[in-house]
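Shown next, in structure tokens, is the structure this report addresses.
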Amino acid sequence: REPTSRWLGCADCGGAGRLRNRLLPALQSMSAHVHGQCMPWATGGFSPGAAEWPQMAIEPRAEVVIIVDPFGSGRFLVDELLLRGWPLVAVRSNSEAHDSLSSSFDPTPFERTLVHSGDVLGTARSLRECLKRPVAVIAGSEPGAELADSLAEVLSLRGNGSAMSRIRQDKYFMTARLRECGLAADFFQRRCGTVAEAANCALELGRGRQVVVKPCASSGTECVFKCRNAEAIADAAAAILGGHDAAGRRNDVVLVQEYVQGAEYIVDCVSLDGQHLVTGIWACQKSYIGGEFAYDRTTTMPFSSEEGSVQRMICEYVFQCLAALGVVTGASHSKVICSDTHGPCLIKMCPWMHRSVAPAVWAACAGREHAQAYLLADAVTEGGMMLSWKLEAIGMGSPAYELANYSIILDLQCHEDGILARSVEEVAGEWIRALSSFWMMKCDLEPGDRIYRSRDMLTSPGHIVLIGPDPAIVEQEAAIIREAERRGQMYVLSTSTSSKTPTPPACSDDEGTWGKCGLFLPMAGLCDPSPRMKALEAQVAGLLASPTASPELLPKACAEFVLDGLLE
């Protein structure tokens with residue numbers, strides 16, 4: 001694009017010419033994004049693999065990038081780093097993450113995969129002993145954020161530090177910190193360890209005031225309940241306490257907060273040494289189904305720096321919050337509610353990339369060089385040259401980004417529990433894909449699978465992404481899909497009471513289940529292991545019993561493994 005070419009053409013500094021020679025071929029190859037032809041996946045419907053990107057001839061590197069829990073949207077960062085020629089090492093913070101996160105993990109691009117077992121110094125020691133020197137540690141998804149902070153600190157690499165890691169993960173402490181800095185509204189909140197404590201909040205607030213009950217650390221609308229009285233609060237707390245969230249953390253406490261009503265936005269940022277760049281702004285809309293929240297849609301928003309614009313207001317507010325919460329270097333996405341009474345109010349700041357397919361959608365709408373993965377890779381591995389140019393251009397009056405397309409990420413909603421008789425692809429796939437703005441659909445449910453009434457992100461059947469230059473057409477086609485869901489034209493349910501998936505229990509228990517929230521994690525032992533799994537278990541048992549691979553000789557902090565090979 002013209003501004004990028006102008007910046008690269010400037011040879012006022014000594015390194016500009018060399019950088020131009022290195023980056024210009026790649027920039028030319030992706031310049032077609034202005035016309036909607038940036039990458040094969042920009043119109044085809046999903047994210048690229050590393051082999052699908054236009055490749056630059058890059059010499060092998062003697063350094064390695066470490067990604068902690070490269071799940072979900074972290075895969076887009078993996079592709080970006082591979083494009084730049086960086087060797088990668090994966091670190092898994094634990095083995096308890098829900099399948100909605102860990103199922104997206106692909107070990108193929110990584111030179112090594114380590115499993116952290118609690119000792120940060122031991123894991124850092126194992127990383128130092130790699131053949132290549134670590135150059136960056138990045139959180140690939142929510143479960144890895146705290147460990148990434150600690151590892152970067154121990155390895156003396158750029159990061160946010162571990163001093164405020166817990167504050168950034170816990171909504172209660174996050175709000176308390178913002179209040180100390182004068183950045184949070186004075187609304188009611190309590191951290192409760194029992195159902196009785198949570199129910200007493202209704203007495204403190206008085207009649208007629210609504211609250212939101214949720215885990216202190218959670219993703220999306222996972223186990224988030226809107227309650228009007230003490231009985232509803234008690235039921236919500238009982239459904240949360242004792243369970244586990246999608247990151248595998250046990251919910252020992254529950255957060256009761258006064259309900260703040262207003263328009264919700266998500267602000268994506270990339271930070272480097274305390275300087276923050278907004279990479280995208282999204283408007284969020286939620287549905288209220290049977291007492292619980294469910295995402296309805298997330299839409300792209302154009303950038304505006306006009307005085308009094310909501311974009312400028314929330315960006316300035318988010319930058320202040322990032323500074324207060326100790327975000328120095330890395331990606332983040334912040335959820336903000338703009339209330340008529342409270343003004344902008346931070347609901348949660350997440351120090352990792354935007355969830356799901358949002359990074360790929362943004363690249364298709366604004367261009368790869370404006371996407372979080374691109375700018376994050378630039379910041380932590382290339383010194384932030386492109387990020388610095390963008391900040392300088394913004395200071396001279398240029399917009400942070402420009403959208404060539406408008407997009408809706410439409411979260412699918414089922415309005416009743418049941419067992420699928422026919423897949424969504426079979427029932428509605430043909431006419432959905434014929435929509436002019438269709439970009440991709442993700443719905444992996446098959447006939448015989450149990451489907452739940454949508455209560456949160458984890459119980460949504462999937463999502464559909466619509467992208468097009470005309471917002472009116474995109475909105476119209478999103479309305480067609482919603483109407484089909486309401487009329488029962490997408491989810492054909494069986495009258496049979498048996499399914500391929502276990503039936504959730506009626507209430508929560510200590511094995512990681514939430515009856516009322518619709519999420520069920522099958523307990524160990526419900527399904528017989530496959531013959532391949534039995535063979536692997538026998539192989540591992542033999543190795544552990546051998547004198548050359550006894551438990552005493554294995555690393556104490558982490559175990560390295562290859563699924564289809566031998567334990568190393």
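With just the Cα atoms defining each centre, how far is the range 102-167 from the range 424-468? Give it in Å.
The range 102-167 and the range 424-468 have Cα centres separated by 34 Å.
Enumerate the amide H contacts of R455 below 5 Å, restricted to partners 5 or more residues apart or on another chain; note that Pro and chain-start residues carry no placed amide H.
Here S460 satisfy the definition.
Computed over the Cα atoms, what is the radius of gyration of the range 247-401 divided by 2.2 N^0.38 Å, N being its residue count?
1.07
In whole percent, how big is the carbon plus sulfur part of the accessible area of the range 65-224, probe 1.4 Å, protein atoms only?
Values: 3020 of 6230 Å².
In the range 65-224, the share of accessible area belonging to carbon and sulfur is 48 percent.
Just to check, using Stokes-Einstein with a Kirkwood Rh over alpha carbon pairs, what's the diffusion coefficient of the range 107-161 at 20 °C and 1.002 mPa s in µm²/s?
For the chosen part, D equals 183 µm²/s.
Past 21 Å, Cα to Cα: identify those pairs from K214/K348; K171/K214; K226/K442; K226/K335; K171/K442, in the order given. Write out the running numbers ahead of the final one.
Details: K214/K348 12 Å; K171/K214 10 Å; K226/K442 28 Å; K226/K335 18 Å; K171/K442 30 Å.
K226/K442; K171/K442, as the Cα separations exceed 21 Å there.
Which order do the peptides 69-75, 329-335 take when ranked by the mean count of other beta-carbon atoms within 10 Å per residue, highest first?
Per-residue mean Cβ counts within 10 Å order the peptides as 69-75, 329-335.
Tell me, what HN-Hα J-couplings in whole Hz come from the Karplus equation 6.51 cos²θ - 1.76 cosθ + 1.60 at θ = phi - 60° for each residue of the range 122-139, using x for Gly and Pro?
These are the phi-based 3J(HN,Hα) values: x, 5, 4, 5, 5, 5, 5, 7, 4, 5, 10, 6, x, 10, 7, 10, 10, 7 Hz.
Under 5 Å between amide hydrogens, which residues at least 5 positions from S356 or on another chain qualify, with H placed 1.01 Å from N in the peptide plane?
S73
Report, as a whole number in µm² per second, the diffusion coefficient that Stokes-Einstein gives for the range 311-409 at 25 °C and 0.890 mPa s using the Kirkwood radius over alpha carbon pairs.
The diffusion coefficient I find is 166 µm²/s.
Considering amide H positions built from the backbone, and no H for Pro or chain starts, which residues 5 or more places from I138, or on another chain, come under 5 Å of its amide H?
I66, I67, V68
So what's the projected area for the range 111-232, the Cα convex hull averaged over all directions, in nm²?
On the way: hull surface 40.0 nm².
One quarter of the hull surface, i.e. the mean projection, equals 10.0 nm².
The values are calculated or read from the model by the stated rules, or taken from the named source; none is laboratory data. The shown structure was predicted, so the numbers you read here are calculated from the model rather than taken from an experiment. Because the Cβ atoms are built from the backbone with ideal geometry, glycine has one as well, and the counts that use them run over all protein chains shown. Please note that ligands, DNA and RNA were not included when accessible areas were found on the heavy atoms of the full protein model with its side chains. Shrake-Rupley method; radii C 1.70, N 1.55, O 1.52, S 1.80 Å.
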